[in-house]
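Participant: Below you will find the structure I want to go over with you.
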Amino acid sequence: MFRPILATSLILLATSAGTAQLPSIIGMGADNAAGVLGYCVKNRLVDATSANAMLDKLNKKPGVKGSGAFKSGETGIIHAGKKDISLDSLKGDAKGKMCSMVLKQSASLL
């Protein structure tokens, strides 16, 4: 079954410092998404109810919880294509926006 992937390569948002660009998360795997969602819930950056429901589904996929990508996701590192993104490097509400993007993207990884 075809599931659409987040097709936007950059998302613009207004911040107190002006306009910042959030990088694409295309290429993120289910294992990394699960780890990142855990980080986002732990740091209260995304709705825990929605994220935990998605986490339950992602964690049921074989090999998700034991992977290196899962473990780095738990520390706030997003593996997206050829580039890694550290949530800790983002300012203001950009962390929450990225967590919301990961939550939405995760549905296409099931």
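Participant: For region 60-110, which residues satisfy the criterion of being over 15 Å from residue 42 (Cα atoms) and touching a Lys or Arg at 6+ places or on another chain (Cβ under 6 Å)?
Facilitator: First, pick out the residues of region 60-110 that are over 15 Å from residue 42 (Cα atoms): 60-69, 78-86, 89-94, 97, 101, 104-110.
Within region 60-110, 108, 110 qualify.
Participant: Sticking with this one: Check every one of the helices (runs of 4 or more DSSP H) wholly within region 39-110 and list those with 1 or more residues that are within 14 Å of the chain's Cα centre (by Cα) and farther than 19 Å from residue 23 by Cβ.
Facilitator: Counting at least 1 such residues, we get 48-59, 68-74.
Participant: Could you tell me which residue of region 86-103 is surrounded by the most Cβ atoms within 10 Å (Cβ to Cβ), considering only residues that are in contact with a helix residue (DSSP H, G or I) (Cβ under 9 Å, 6 or more places away or on another chain) and under 20 Å from residue 55 (Cα atoms)?
Facilitator: 102
Participant: Turning to a different aspect of this structure: If a residue has to be crowded, with 23+ Cβ neighbours inside 10 Å and among the β-branched types (Val, Ile, Thr) to count, how many in region 31-61 make the cut?
Facilitator: Residues that pass the stated criteria total 2.
Participant: Oh, and also: Determine whether residue 106 is polar (S, T, N, Q), in contact with a helix residue (DSSP H, G or I) (Cβ under 9 Å, 6 or more places away or on another chain) and buried (at least 20 other Cβ atoms within 10 Å of the Cβ).
Facilitator: yes
Participant: Taking the conditions exactly as written (surrounded by fewer than 15 Cβ atoms within 10 Å (Cβ to Cβ), of a type outside the set (S, T, N, Q), modelled with pLDDT under 95 and assigned to a loop (DSSP other than H, G, I, E, B)), does residue 28 satisfy them or not? So that I can check it myself, show each step before the final result.
Facilitator: Details: surrounded by fewer than 15 Cβ atoms within 10 Å (Cβ to Cβ): no; of a type outside the set (S, T, N, Q): yes; modelled with pLDDT under 95: yes; assigned to a loop (DSSP other than H, G, I, E, B): yes.
Answer is no for this residue.
The values are calculated or read from the model by the stated rules, or taken from the named source; none is laboratory data. What you see is a predicted model, and the numbers here were worked out from it, not measured in a lab. Cβ: placed from backbone, ideal geometry, glycine included. Neighbour counts: every protein chain shown.
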